[in-house]
1. Hey, any hits in the range 76-90 for a residue that's surrounded by 15 or more Cβ atoms within 10 Å (Cβ to Cβ), within 16 Å of the ligand (Cβ to nearest atom) and without any contact (Cβ under 8 Å) to a residue 12 or more places away in the chain?
2. Every residue in the range 115-162 that is part of a loop (DSSP other than H, G, I, E, B) and charged (D, E, K, R), please.
3. Is it true that Ser24 is part of a loop (DSSP other than H, G, I, E, B) and within 16 Å of the ligand (Cβ to nearest atom)?
4. In the range 83-133, how many are within 24 Å of Phe61 (Cα to Cα) and of a type outside the set (A, V, I, L, M)?
5. If you check Leu57 against the conditions, is it surrounded by 13 or more Cβ atoms within 10 Å (Cβ to Cβ) and assigned to a helix (DSSP H, G or I)?
6. I'm checking my understanding of the structure. Among residues of the range 163-180 that are away from the ligand (no atom under 14 Å from the Cβ) and not in a loop (DSSP other than H, G, I, E, B), which one is modelled with the lowest pLDDT?
7. Which of the residues belonging to the range 167-193 are open to solvent by 60 Å² or more (accessible area, probe 1.4 Å) and in contact (Cβ under 8 Å) with a residue 60 or more places away in the chain?
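The values are calculated or read from the model by the stated rules, or taken from the named source; none is laboratory data. Here the structure is a predicted model, which means the values were calculated and not measured. Glycine gets a Cβ as well: all are built from the backbone with ideal geometry, and neighbour counts include every protein chain shown. Ligands, DNA and RNA are stripped out before the accessible areas are found, and what is left, the full protein with its side chains, is counted by its heavy atoms. Shrake-Rupley method; radii C 1.70, N 1.55, O 1.52, S 1.80 Å.
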Amino acid sequence: MPPLSQPQIPIIGLVGGVGSGKTSLTRWLGQRLRVAVVDADAAGHAALLEPEVRRALRARFGPEIFDPEGQVIRSRLAVRVFGATPRHREARQMLEAIVHPVIRRRLEEAIANYRQRGEYDLILLDAAVMLEAGWNNLCDVLVFVDAPLEQRQARVQAMRCWTTEELEHREASQWPLDDKRTAADFVVDNSGELEAAGRQLLEFLQHRFPHLADRLAATVPARTPASPVLP
Ligand code: ATP
């Protein structure tokens, strides 16, 4: 445990549309501060491996979403739950009721683990459905990463083979971006250079958590970010 005189390591929640630059900003920050990353996506994948979760999913979604080894075929599950129809919505609610409590438990464990180690300046919680799942109450501040849709589409298509339709389907299953932006404590504009967005974020964090400014002043730049511990 860090000495009592040290401030508690802040937890920063990052939200934003698909391809808005959350991962890139996390990396950017990790080159300047000792950043521990808690990745809700990884926690979600790990949750699907838990026998109890698999049992509940089989009961709800049937054997067709499992491979012969009994592992969940995530693409099959995605087709059932990502979309804007009432049927998709109902299936998504079922899935969330099964997996969200398990993911939350894993996130809490990962946060407690990082805090106990006392080796980090901050913890970044990266969760696509942060607000939808209520995990924002695990965070000290919530940051929205902003970039226009066309730009996000172009950036994402350069790295994944998602169609525009797939991207829109995924976002249709989440809160509207305007609501996420409103819920955030700070908005980073990532429509320009990543460096400019990183600077905005860093300035906000230093203002909000003055011990980070001390830490930055004392740090040699260009660290490698901490590899995420699987929550
Ligand atoms: P997702 O929510 O889908 O995981 P994300 O918000 O984590 O996405 P990134 O993976 O960081 O987004 O960025 C998407 C793509 O856009 C990446 O290829 C990244 O290199 C690129 N990118 C991010 N920010 C910028 C920027 N300011 N300028 C140019 N390219 C960028």
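1. Yes, there is a match, as at least one residue in the range 76-90 is surrounded by 15 or more Cβ atoms within 10 Å (Cβ to Cβ), within 16 Å of the ligand (Cβ to nearest atom) and without any contact (Cβ under 8 Å) to a residue 12 or more places away in the chain.
2. Listed by number, the residues that qualify are Glu119, Asp121, Asp140, Arg160.
3. Working: part of a loop (DSSP other than H, G, I, E, B): no; within 16 Å of the ligand (Cβ to nearest atom): yes.
No: the conditions fail for Ser24.
4. Of the residues in the range 83-133, 16 are within 24 Å of Phe61 (Cα to Cα) and of a type outside the set (A, V, I, L, M).
5. So Leu57 passes the test.
6. If we take residues in the range 163-180 being away from the ligand (no atom under 14 Å from the Cβ) and not in a loop (DSSP other than H, G, I, E, B), then Ala172 is modelled with the lowest pLDDT.
7. His169, Arg170
Residue by residue, here is whether (1) away from the ligand (no atom under 16 Å from the Cβ); (2) open to solvent by 10 Å² or more (accessible area, probe 1.4 Å); (3) under 19 Å from Leu49 (Cα atoms) holds:
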residue	(1), (2), (3)
Ile98	yes, yes, yes
Leu107	yes, no, yes
Ala112	yes, yes, no
Asn137	yes, yes, no
